[in-house]
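Everything on this sheet refers to the single structure shown next.
Every number in this text was worked out from the coordinates using simple rules, so none of it is lab data. This structure is a prediction, so every number in the text was calculated from the model and none was measured. Counting neighbours? That spans all protein chains shown, and the Cβs are built from the backbone with ideal geometry, glycine included.
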Amino acid sequence: MRESDFQFTNPSVTYVCFKENQSFSTEDGKEINIGTNINVSNSVIDENERVVVLKIVIGEESEESPFCLDIEVMAQFRWNDEIDSSKVDLFLNQNAPALLLSYARPMVSMLTNASHFPAYNIPFIDFTGK
């Protein structure tokens, strides 16, 4: 097995905010909204390195949502000189957020499971922009 030409540092959580709506009734059966934002740093650490931050917002601060959870996960990504720039863009805007999502998923599940509501498992998210 060959190591990928793309590598990353240990992802870290840079921000978490969880607010439970104690007046929410689980009988409401409302779907929880989820949103994401991807930030690829413009500042160049090295020509072949960028920091990617994935922000995930689940729920909202309203009567229709059981909780509001914001979490940001980041890592530094790097690649070698032989990689085509179009592949780098795909990697930074699709693969990197998908990887960061996999690090956020167990934390979101653990936080929501510690509330009055069942654990929330983040669904698969399509980062292809389609």
field: Ala96 exposed (fewer than 15 other Cβ atoms within 10 Å of the Cβ) and under 16 Å from Val13 (Cβ atoms)
entry: no
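Is it true that some residue in the stretch 68-79 is in a strand (DSSP E or B), acidic (Asp, Glu) and closer than 21 Å to Tyr120 by Cβ? Reasoning before the result, please.
Keep residues of the stretch 68-79 that are in a strand (DSSP E or B), which gives 68-79.
Narrowing the set further to residues that are acidic (Asp, Glu) leaves 70, 72.
Next, from what is left, pick out any that are closer than 21 Å to Tyr120 by Cβ: 70, 72.
Yes; the residues of the stretch 68-79 include at least one that is in a strand (DSSP E or B), acidic (Asp, Glu) and closer than 21 Å to Tyr120 by Cβ.
Anything in the stretch 15-27 that is closer than 14 Å to Val108 by Cα and of a type in the set (Ser, Thr, Tyr)? List them, or say none.
Residues of the stretch 15-27 closer than 14 Å to Val108 by Cα: 15-20.
Of everything in the stretch 15-27, just one residue is closer than 14 Å to Val108 by Cα and of a type in the set (Ser, Thr, Tyr), namely Tyr15.
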task: Report yes if Ser115 is in contact with a Phe, Trp or Tyr (Cβ under 9 Å, 6 or more places away or on another chain), of a type outside the set (A, V, I, L, M, F, W, C) and either part of a loop (DSSP other than H, G, I, E, B) or farther than 23 Å from Asn42 by Cβ (or both), otherwise no.
output: yes
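Quick one: is Tyr120 surrounded by 15 or more Cβ atoms within 10 Å (Cβ to Cβ) and either part of a helix (DSSP H, G or I) or basic (Lys, Arg) (or both)? If you could, list the steps in order and put the result at the bottom.
Working: surrounded by 15 or more Cβ atoms within 10 Å (Cβ to Cβ): yes; either part of a helix (DSSP H, G or I) or basic (Lys, Arg) (or both): no.
Taking the combined requirement at face value, the residue does not satisfy it.
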message: Looking for something within 25 Å of Ala119 (Cβ to Cβ), among the charged types (D, E, K, R) and in a strand (DSSP E or B) - is there at least one such residue anywhere in the stretch 33-48?
response: no
message: Given (1) in contact (Cβ under 8 Å) with a residue 60 or more places away in the chain; (2) assigned to a loop (DSSP other than H, G, I, E, B); (3) not small (Gly, Ala, Ser), identify the lone condition not met by Arg2.
response: (1)
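Considering Glu49, Glu20, which residue is surrounded by 14 or more Cβ atoms within 10 Å (Cβ to Cβ), in contact with a strand residue (DSSP E or B) (Cβ under 6 Å, 6 or more places away or on another chain) and within 20 Å of Leu100 (Cα to Cα)?
It is Glu49.
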- line: Those residues of the stretch 80-118 which are farther than 30 Å from Gln22 by Cα, touching a residue at least 60 places away in the same chain (Cβ under 8 Å) and not hydrophobic (A, V, I, L, M, F, W, C) amount to Asn80, Glu82, Asn95, Pro97
